[in-house]
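Written out below as structure tokens is the structure these notes cover.
Quick note: the coordinates plus some simple rules give every number you see, no bench work behind them. The structure displayed is predicted, hence computed values, not measured ones.
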Amino acid sequence: MGFLKTILIILLVYYTLKLFAKWFGPSIFGYAARKTEKHFRERFEQFQGFQNQEENTSEGEISIDKKTVQRNKNSEQIGEFIDFEEIE
């Protein structure tokens, strides 16, 4: 009797999840598609802004955009030097 009850519970859960996926699946995938489209559109517009900024400079004009990068003293010391000698 316990085995039959377990099989019936598994089937009930399976068909319930299948039904919910049928009802709510399209809306969930639509939401994910809209969010992804929005993300890609924002990235594309950001890239287009960068392209337009480069086109605004006239020919022969030099423009240098400098970004400062702070480095830690520890990042420059990667490891210690080991000198290997060949043994014959």
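Here is how the numbers come out for the structure above:
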| item | result |
| --- | --- |
| Whole-Hz couplings from phi, Karplus 6.51/-1.76/1.60, listed for segment 8-13; x for Gly and Pro | 5, 5, 4, 5, 5, 5 |
| Table column - 3J(HN,Hα) (Hz), segment 31-42, Karplus curve with 6.51, -1.76, 1.60, x for Gly and Pro | 4, 5, 5, 5, 5, 5, 4, 4, 4, 5, 5, 5 |
